[in-house]
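A.B. asks: Quick one: the structure is below, and I'll ask about it shortly.
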Amino acid sequence: MRTLHKGRQSEKSLFFKYYKWVLWFSFTLYFLTSFFITNKPLPLSKTRVSGSKSSLASRVLFESVNKTRHKSKPKNPDLKIFIYELPSEYNEDWLSNKRCSNHLFASEVAIHRALMNTYDLRTFDPYEADFFFVPVYVSCNFSTVNGFPAIGHARSLISSAIQLISSNYPFWNRTQGSDHIFVASHDYGACFHAMEDRAIDDGIPDFMKNSIILQTFGVNFKHPCQDVEHVVIPPYIPPESVRNTLEKSPLTGNRDIMVFFRGKMEVHPKNVSGKFYGKKVRTEIWRRYNGDQRFYLQRQRFAGYQSEIVRSVFCLCPLGWAPWSPRLVESVALGCVPVIIADGIQLPFPSAVKWSEISLTVAERDVGKLGRILEHVAKTNLSTIQKNLWDPAVSKALLFNDHMQEGDATWQVLESLYKKLDRSYKRSRVSSQ
């Protein structure tokens, strides 16, 4: 009887041993499967062009995502952004031209790149997302005539992208795009035209009016080209160009140019438009101050113009076709006091950059008084302005980096998006439950 009892105990022990192994294997398989399902990207497989070859520039952008993972992240640790994987003709293909990622409109590339590299902010599960980023590059179609970006194709390209994502995903249709983000980094934002009258006539396309637009254009009065949920962002200046300039000429070095401006200053109206560029402000600057020893004014292009900015005390930032200018960012980054001449301009990231403490604003009608105004500032509070301006955090807030850094321009964009979380479908569902 004892022998029989021991045999049964042995069988029972063997049974439990195998049972534990089976249970352990099942749980392991379950967790591994759950991990790969959750973290797998959701490509637009139906729309991918089979056999297409990515350009070298394309691979540089998207391989950089896997090289260095930065955990820098703004205040809200729960914010999640889903980035649509669009076919390469919407973004990657344009990078074959190196200008695409370096010119003044390149924030559309820079923001995409930074979000791709911020892995703890990005989610591959769209059901976890607060916002959806639609990476379409519309500013890289450079004219063969004058070299300027031609954006006549912008509306059709973005419309096509929206058609694609709304056909393959449910997320656009459930909110009509209110939690979707686009970048419009050209003269008049999502109106997609360089001339204000034409931009106003065309307006913002209906298919974008419900979305969030990150745009360089902004004014502090009602305007059809900002009649949309938006965040004003700075124009793109390559941070490495700033670093290279400052390595040769330190921020606090000798500044032997009192007032600097290099750029288009027309004596006669532009032939094509029949209008003076920049509402005649630049023409007036040239007429009044060309030959004035205090003013260093140049109308020709010069690749090394940043070396002139870092030698200057005041840098003129007059409007062009639109109120904003890349000189605004370059002046700040290189320690030259920006003199903003663009009535009603809305400047980027005012919570991070105290513009009134680091710059001067001169009304367009007061261009004739520029000399007296700047002389007065030079004799009174210039040192205070420069001290504020030379704070490293100020320039950092206006520069986009491939990998987001605490306080940089992408960081500031995300801080602005936190204030728009009421547009998140996911958040609204949670709060209603």
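A.B. asks: Consider Cys317 against the criteria (1) hydrophobic (A, V, I, L, M, F, W, C); (2) open to solvent by 50 Å² or more (accessible area, probe 1.4 Å); (3) in a strand (DSSP E or B): it satisfies all of them except one. Which criterion is unmet?
C.D. replies: All conditions pass for Cys317, except number (2).
A.B. asks: Now a separate question. Just name the residue that is farthest from Phe105 (Cα to Cα) out of those in region 388-415 that are in a helix (DSSP H, G or I) and open to solvent by less than 10 Å² (accessible area, probe 1.4 Å).
C.D. replies: Going through the qualifying residues, I end up with Leu389.
A.B. asks: Would you please list the contacts, defined by Cβ atoms under 7 Å and residues six or more apart or on different chains, that run from a residue in region 212-225 that is free of Cβ contacts under 8 Å to residues at least 60 places away in the same chain to a residue that is buried (at least 22 other Cβ atoms within 10 Å of the Cβ) and assigned to a loop (DSSP other than H, G, I, E, B)?
C.D. replies: Every condition considered, the pairs that remain are Gln215/Ser185; Gln215/Ile233; Cys225/Tyr188; Cys225/Ile204; Cys225/Phe217.
A.B. asks: Consider Val377 against the criteria (1) in a helix (DSSP H, G or I); (2) more than 21 Å from Ile341 (Cβ to Cβ); (3) of a type in the set (A, V, I, L, M, F, W, C): it satisfies all of them except one. Which criterion is unmet?
C.D. replies: Result: Val377 fails condition (2) only.
A.B. asks: Would you call Phe142 buried (at least 21 other Cβ atoms within 10 Å of the Cβ) and in contact (Cβ under 8 Å) with a residue 24 or more places away in the chain?
C.D. replies: no
A.B. asks: Could you please find all residues in region 251-281 being of a type in the set (Gly, Ala, Ser) and at pLDDT 90 or above?
C.D. replies: Correct list: Gly253, Gly263.
A.B. asks: Sticking with this structure for a sec: For region 229-263, what are the residues that are over 17 Å from the mean Cα position of the chain (by Cα) and of a type in the set (A, V, I, L, M)? Before the answer, list the steps.
C.D. replies: Taking region 229-263 first, the residues over 17 Å from the mean Cα position of the chain (by Cα) are 241-263.
Val242, Leu246, Leu251, Ile257, Met258, Val259, listed by residue number.
A.B. asks: What helices (runs of 4 or more DSSP H), lying completely within region 96-198, carry at least 3 residues that are hydroxyl-bearing (Ser, Thr, Tyr)? Quick ask: steps written out before the conclusion?
C.D. replies: Details: elements: 107-117, 154-168, 171-175.
Here the list reads 154-168.
A.B. asks: Which one is surrounded by the fewest Cβ atoms within 10 Å (Cβ to Cβ) among residues in region 288-314 that are in a helix (DSSP H, G or I) and within 29 Å of the chain's Cα centre (by Cα)?
C.D. replies: Ser307
Residue-wise test of (1) in a helix (DSSP H, G or I); (2) of a type in the set (Val, Ile, Thr); (3) more than 17 Å from Tyr296 (Cα to Cα).
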{"residue": "Trp321", "(1), (2), (3)": "no, no, yes"}
{"residue": "Ser331", "(1), (2), (3)": "yes, no, no"}
{"residue": "Pro338", "(1), (2), (3)": "no, no, no"}
{"residue": "Pro348", "(1), (2), (3)": "no, no, yes"}
{"residue": "Ser356", "(1), (2), (3)": "yes, no, yes"}
{"residue": "Arg365", "(1), (2), (3)": "yes, no, yes"}
{"residue": "Gly368", "(1), (2), (3)": "yes, no, no"}
{"residue": "Ser383", "(1), (2), (3)": "yes, no, yes"}
{"residue": "Gln386", "(1), (2), (3)": "yes, no, yes"}
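The values are calculated or read from the model by the stated rules, or taken from the named source; none is laboratory data. Every value quoted in this text rests on a predicted model; they were computed, and no experiment measured them. Cβ: placed from backbone, ideal geometry, glycine included. Neighbour counts: every protein chain shown. Note: areas computed on protein heavy atoms with side chains; ligands, DNA, RNA excluded. Shrake-Rupley method; radii C 1.70, N 1.55, O 1.52, S 1.80 Å.
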